[in-house]
Amino acid sequence: MTELDAVADRLYRLRPGRFTAARNEAAARARAGGDRGLAEAVGRLRRPTPAAWAANLLVRERPEEAERLLELGGALRQAHQELAGERLRELSGQQRRVVGALARQAVRLTADAGQRIGAGAQREVEQTLHAVLADPQAAGQWAAGRLTRPLSAPTGFRPPAEGDRPADARPPAAEKGAHGREKGRAARERARREAERAAAGLRERRERREAAAQAADRARTERDEAGRQARRLAGELREAKEAGRRAEERERRARGELREAERAVSRAERRAREATARAERQDGGQAA
């Protein structure tokens with residue numbers, strides 16, 4: 001994972017209202033660190049709309065459901081290419097259920113993240129999921145988890161309504177013949193590769209998320225340890241300051257006692273000199 005990927009993953013987890021300030025701060029950090037290229041790349045990241053953010057949350061917070069949607073998209077595209085009417089009807093029913101369930105999950109996820117989306121944004125999420133099912137390129141974009149705008153299904157694609165008969169369904173006779181079988185095999189292979197690429201992209205995103213989560217855990221552990229060391233050092237510093245204060249007080253008292261002792265010695269020396277002088281005067285008088 002590049003440093004830009006790591007920054008983008010972190011930014012696209014944020015609520016849209018927090019995106020711009022966090023992006024600008026990340027770009028400023030990169031610029032201050034001397035990485036002008038990263039700063040410019042981060043500065044070009046676009047803030048997601050509420051619907052795009054909700055669709056990104058599904059990839060990041062519901063990866064298993066997202067992978068199942070990608071697999072369903074591959075199966076749907078294969079059935080359309082093979083003109084398999086019965087299979088299309090079965091998968092179209094799954095499509096309605098899965099898209100509806102994921103759109104409702106998106107509403108709950110955004111509410112849990114602190115920014116509930118409205119009915120219009122929910123419809124845009126559903127539109128994005130239908131696009132993922134219809135278009136392998138859209139599937140890859142969604143699996144990256146960095147949408148900035150809702151996706152639209154390819155021209156001519158219409159999400160199925162309840163009771164619809166798939167538009168591409170044909171009588172079984174249309175699939176007869178060697179050409180039809182060869183075309184079906186090629187279509188299945190293309191759909192399989194598309195589904196595998198989209199699923200691989202999603203797995204890579206999940207691995208990146210796990211690596212980022214582990215890095216965050218390590219950073220949190222280091223931060224906690226640094227905090228403990230800082231508190232310990234702060235305590236030691238307080239103790240050292242208190243010990244220094246007590247030592248200064250003892251020194252002050254000792255110096256006061258020294259000055260008093262020096263004065264006492266001076267007085268004693270003066271009295272001794274005076275006594276000696278008196279003794280010498282008395283001795284001189286007696287000799288006379």
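Read-outs: derived from the displayed coordinates by stated rules, not from any lab. Fair warning: this is a prediction, and the values are worked out from it, not measured in the lab. As a convention, Cβ positions derive from the backbone with ideal geometry for all residues, glycine included, and neighbour counts pool all protein chains shown.
Applying 0.36 nm per residue to the separation of D35 and D224 and subtracting their alpha-carbon distance, the gain on full extension is 65.2 nm. Net length available on complete extension from L4 to E86 is 25.0 nm, with 0.36 nm assigned per residue and the Cα-Cα distance removed. The label-point distance for E236 and S152, in a model that sets each label 7 Å from Cα toward Cβ, rounds to 6.6 nm. The modelled label-to-label distance between E249 and A264, using points 7 Å beyond Cα along the C-beta direction, is 2.3 nm. Using the Cβ-Cβ distance between R68 and A111 with R0 = 22 Å, the FRET efficiency computed as 1/(1 + (r/R0)^6) comes to roughly 0.45.
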